[in-house]
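See below for the structure under consideration.
The values are calculated or read from the model by the stated rules, or taken from the named source; none is laboratory data. Since we're looking at a predicted model, the values are computed, not measured. Cβ sites come from the backbone with ideal geometry, for glycine too, and all protein chains shown count toward neighbours. Surface accessibility is based on the protein's heavy atoms, side chains included, excluding ligands, DNA and RNA. Shrake-Rupley method; radii C 1.70, N 1.55, O 1.52, S 1.80 Å.
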Amino acid sequence: MKAVRGDSNTTESIRHEVEGAYTAQYEVNHGRGHGQTPQIRLLLGDTGTEKAQRDYTLDRIKARRGPDRIVAAAGLGTSLTGTNAMISKLNDLDIAAFGSVITADELEKNDGLVRVAAPNADEAAAAVQFLTKEHRKDKVLIVQDANKNDLYTKTLASRFGAELPKDRLAFPEPMQYNSSKSQLATYFNNQMPNLCLDPPGVVYFAGRGRDLPDFLAPLANRRCKSDRKITVLSGDDVSQAAQSEGFDDVKLALRNGNIRLLFTGLAHPGAWDKAPQIFDKNAIVPFQEGGKFTRTFKDDTLDDGQAIMGYDAVLTAVATIRKSVHLENSDQAIERDAVVQMLRTINGVNAVPGASGWISLQNNGSPQRKAIPIIEIDSDGTTRSISVSASNGKPYAPE
């Protein structure tokens, strides 16, 4: 599988997610949590970025669901309109869908979908919770992508704006751009004089990580940059910026522009040390020294969170599949609609101890008060967790 131009995912992030999925498969097949049967096999499918590519893969799933006993799909890409269409088709096939990194709130309308990632509403609320504690006196400017085809950026901006008290806004309306149009850097460059009229302390960037270089470069050259440091806070897609071709421009802007860059992540290994009380110790073993992931992929990194989220998506799928087995006959074939039926049982005492935090699913398929690390990217490109938040400030953990 390969990322293509305009895709939010990078080739590295795709590889990391597959590595995490494989790690989960190995762990559950060797009896290290959530029962021992049935054994799990992974089939990799690439839905591409075009409808024809997606339809082809879905047709292959439909043809092979019987012979290969396909009962669930995990991963599912990012929060674009194509993802929504794909999940609807999987629902029609009675195949349960387990999203790893999709966060758009609109996707909660799909009954056959559950997610291990916090939705945008929770990311935005967690961002506001953090700003209330750490930047409570700073005015906030929202920079919003108006691309109607991107559910991630659309709901991230609207939810953050709804959560943030109106007296915190630096300007009455967001600085709005459209990622589907050209000349982004020129647009942002023309907007910077307005920003300096009354400089905000915080910018909430409700856009894709791939657009950050175009925004940060003119921000670093703003006339008022010597007046005070400005904090740019964004959503989880910023993790992709660290792997993009424009990341050198991001580091240069942070180094010279008096800018601090933070984002609400989906997962980060630093969160385990920052808030150990909200993570199950056994859940993170595969990613620690001597664990399956570190032994098999010793030259790879966990910093973008993709491997952790891929692991948790497959782990949650397996937990649901194994709950679908009839107690009196664990050898019989699992019915696909039984897996869909069991999606709403993954909560409370049945919550999954994920490496990204506890996964206790609500009826809308989203995790309850999912742990959300606040991550900083330094000017040398390194990342670190500086806090762990949640929609109400307190991540879910069993009592």
Backbone HN-Hα couplings from phi across the stretch 136-152 [Karplus 6.51/-1.76/1.60, Hz, Gly and Pro as x]: 5, 9, 8, 6, 10, 9, 9, 10, 10, 7, 9, 5, 5, 8, 10, 5, 4
What are the ³J(HN,Hα) values, in whole Hz, obtained from phi via the Karplus relation 6.51 cos²θ - 1.76 cosθ + 1.60 with θ = phi - 60°, for each residue of the stretch 160-172 in sequence order, with x given for Gly and Pro? 5, x, 6, 7, 6, x, 4, 6, 8, 6, 6, 9, x
Taking N as the number of residues in the stretch 100-228, what is its Cα Rg relative to 2.2 N^0.38 Å? 1.11
Mean Cα-pair separation over length for the stretch 332-399, i.e. relative contact order, pairs under 8 Å, 6 or more apart, %: 23 percent
Give me the distance in nm between label points sitting 7 Å out from Cα along the Cα-to-Cβ direction at Arg255 and Asp380, one decimal. 1.2 nm
Could you calculate the FRET efficiency of Lys133 with Leu42 from 1/(1 + (r/R0)^6), where r is the beta carbon distance between them and R0 is 35 Å, rounded to 0.05? 0.30
Could you calculate the contour length gain from Arg32 to Lys298, that is, 0.36 nm times the residue separation minus the distance between their Cα atoms, to one decimal place in nm? 93.7 nm
Once fully extended, how much extra length lies between Ala162 and Lys281, figured as 0.36 nm per residue of separation less the alpha-carbon to alpha-carbon distance? 39.3 nm
Rounded to the nearest 500 deg cm²/dmol, what is the calculated helix-only ellipticity per residue at 222 nm for the chain, with -39500 (n - 2.57) per DSSP H run of length n ≥ 4? -11000 deg cm²/dmol
Mind pulling the angle between the C-alpha long axis of helix 51-64 and the longest principal axis of the chain? Nearest 10 degrees, somewhere in 0 to 90. 20 degrees
What do you get for the angle between helix 247-256 and the principal long axis of the chain? Use alpha-carbon atoms, 0 to 90 degrees, nearest ten. 40 degrees
Probe 1.4 Å, all protein chains in place: accessible area of Tyr22 in Å², nearest 10? 80 Å²
Pop the C-beta distance of Lys148 and Lys62 into the FRET formula with R0 = 30 Å and round what comes out to the nearest 0.05. 0.50
Search the structure for amide H atoms under 5 Å from the amide H of Ile359, placed 1.01 Å from N in the peptide plane, and list their residues when 5 or more places away or on another chain. Val352, Gly354
Give me the percent of the accessible area of the chain that comes from carbon and sulfur atoms, probe 1.4 Å, all protein chains in place. 45 percent
With a/c under 1.5 counting as rounded, go ahead and sort the stretch 278-399 into rounded, prolate or oblate using the C-alpha gyration tensor (a ≥ b ≥ c being the square roots of the eigenvalues; past the cut-off, prolate if a/b is larger than b/c, else oblate). oblate
Estimated inter-spin distance, Glu335 and Asp92, nm [label 7 Å along Cα→Cβ]: 2.3 nm
Linear extension gain, Ala185 paired with Glu289, 0.36 nm per residue minus alpha-carbon span: 33.2 nm
Within the stretch 67-90, name every residue whose backbone N is under 18 Å away from a label modeled 7 Å from Cα of Ala52 along the Cβ vector. 82
Let's see if you can work this out: charge +1 on each Lys and Arg Cβ, -1 on each Asp and Glu Cβ, no other charges. What is the dipole magnitude of the chain about its Cα centre, in debye to the nearest 20? 420 debye
Just to be sure I understand: with springs between alpha-carbon atoms less than 10 Å apart, which residue in Arg208, Arg136, Arg222 has the highest mean-square fluctuation in the Gaussian network model of the chain? Arg136
Filtered hits (lysines, Cα-Cα < 29 Å from Lys394, offset >= 8 within chain) -> Lys109, Lys133, Lys137, Lys139, Lys154, Lys166, Lys229, Lys274, Lys281, Lys323, Lys370
1.4 Å probe accessible area per residue over the stretch 265-399, in Å²: 43 Å²
Compute the separation of the alpha-carbon centres of the stretch 19-56 and the stretch 200-265 and state it in Å as a whole number. 35 Å
